[in-house]
Amino acid sequence: MRILLVDDEARLADGIRRGLEAEGMVVDVANDGSTGLGLARDNDYDAIVLDVMMPGMSGYRVCQALRAEGDWTPVLFLTAKDGEWDEVEGLDTGGDDWMTKPFSYPVLVARLRALVRRGGRERPAVLEAGDLRLDPAARRVFRGDTEIALTARELAVLDFLLRRRGEAVTKREVIANVWGDDFDGDANIVEVYIGHLRAKIDRPFGREAIETVRGTGYRLAGNGG
């Protein structure tokens, strides 16, 4: 397992490196964001551990640059910043996990192993199907250059459909991912919101992106309809 560690605290980085190497991992270390980004571009890593506040280039910018280039190596932010909005920004820029300093070393190792098992599958910051785009962080939806206003629940349903684009999903799956497993209302609520979405993202544009799959549920066409 090859890990890239990017942290400007040289003593801490060296301690983490030695600990990870004792676990059988190969670790490359960079002490600033620009150097870390260069190493990430030039080498294949199983996971990247990123500090946030670094000279020259923050961890947020490093992660954002990698994702923009199509590099989906799992990223774990390891930082002294412990605000909830700091964590939100880290995850929204493409990070996969977040730990604050001081941290539990065994938990760091376990989380790295979990990220590596999960692999570097694509996790785009902006969800797209044809000219239909949803930016989950900004909570904005577009058809081409036209912005579409959606409610919070409509956004959540569309987010789920876009993440599963091209796949048939059941009403129960939509409810579990949008309303939660504890929802005990009428499952037909999904039909209501599908209707709302069709009226906003499809019909005004002459599209039929959201398809009804008889006996199953719904599917959002991979090409956006």
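The values are calculated or read from the model by the stated rules, or taken from the named source; none is laboratory data. Remember, predicted model here, so these are calculated numbers, not experimental data. Every residue, glycine among them, receives a Cβ derived from its backbone with ideal geometry; neighbour counts consider all protein chains shown. Accessible surface areas use protein heavy atoms only, side chains included; no ligands, DNA or RNA. Shrake-Rupley method; radii C 1.70, N 1.55, O 1.52, S 1.80 Å.
Within segment 111-125, one or more residues are among the aliphatic types (A, V, I, L, M), surrounded by 14 or more Cβ atoms within 10 Å (Cβ to Cβ) and closer than 22 Å to G224 by Cβ. Looking across segment 178-207, the residues that are open to solvent by less than 60 Å² (accessible area, probe 1.4 Å) and in contact (Cβ under 8 Å) with a residue 24 or more places away in the chain come down to V178, V190, Y193, I194, L197, I201.
Checked across segment 191-203, the condition of being modelled with pLDDT of 90 or more and in a loop (DSSP other than H, G, I, E, B) holds for no residue. Among residues that are at pLDDT below 90, among the polar types (S, T, N, Q) and closer than 30 Å to D71 by Cβ, N188 is not included.
Here is a yes/no grid of residues against (1) within 24 Å of the chain's Cα centre (by Cα); (2) more than 29 Å from P136 (Cα to Cα); (3) of a type in the set (V, I, T); (4) not in a helix (DSSP H, G or I):
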residue	(1), (2), (3), (4)
G15	no, yes, no, no
R18	no, yes, no, no
V49	yes, no, yes, yes
M57	yes, no, no, yes
T73	yes, no, yes, yes
D82	yes, no, no, yes
W85	yes, no, no, no
G94	yes, no, no, yes
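With respect to (1) buried (at least 22 other Cβ atoms within 10 Å of the Cβ); (2) at pLDDT below 95; (3) farther than 15 Å from F103 by Cα; (4) more than 17 Å from the chain's Cα centre (by Cα), the lone exception for N43 is condition (1). Can you work out which of the residues in segment 157-177 that are more than 16 Å from R198 (Cβ to Cβ) and of a type in the set (A, V, I, L, M) is surrounded by the most Cβ atoms within 10 Å (Cβ to Cβ)? Looking at residues that are more than 16 Å from R198 (Cβ to Cβ) and of a type in the set (A, V, I, L, M), I get I175. For R118, state whether it is farther than 21 Å from S58 by Cβ and modelled with pLDDT under 85. For R118, the condition - farther than 21 Å from S58 by Cβ and modelled with pLDDT under 85 - is met. Just so you know, in segment 10-40 the residues that are touching a Lys or Arg at 6+ places or on another chain (Cβ under 9 Å) and among the hydrophobic types (A, V, I, L, M, F, W, C) include one that is most open to solvent (accessible area, probe 1.4 Å), and it is V26. Within segment 20-40, the residues that satisfy the criterion of being modelled with pLDDT under 90 and of a type outside the set (A, V, I, L, M, F, W, C) are E21, E23, G24.
If you take the residues in segment 210-225 that are in a loop (DSSP other than H, G, I, E, B) and under 23 Å from the mean Cα position of the chain (by Cα), which one is modelled with the highest pLDDT? Applying the filter and picking the extreme gives A221.
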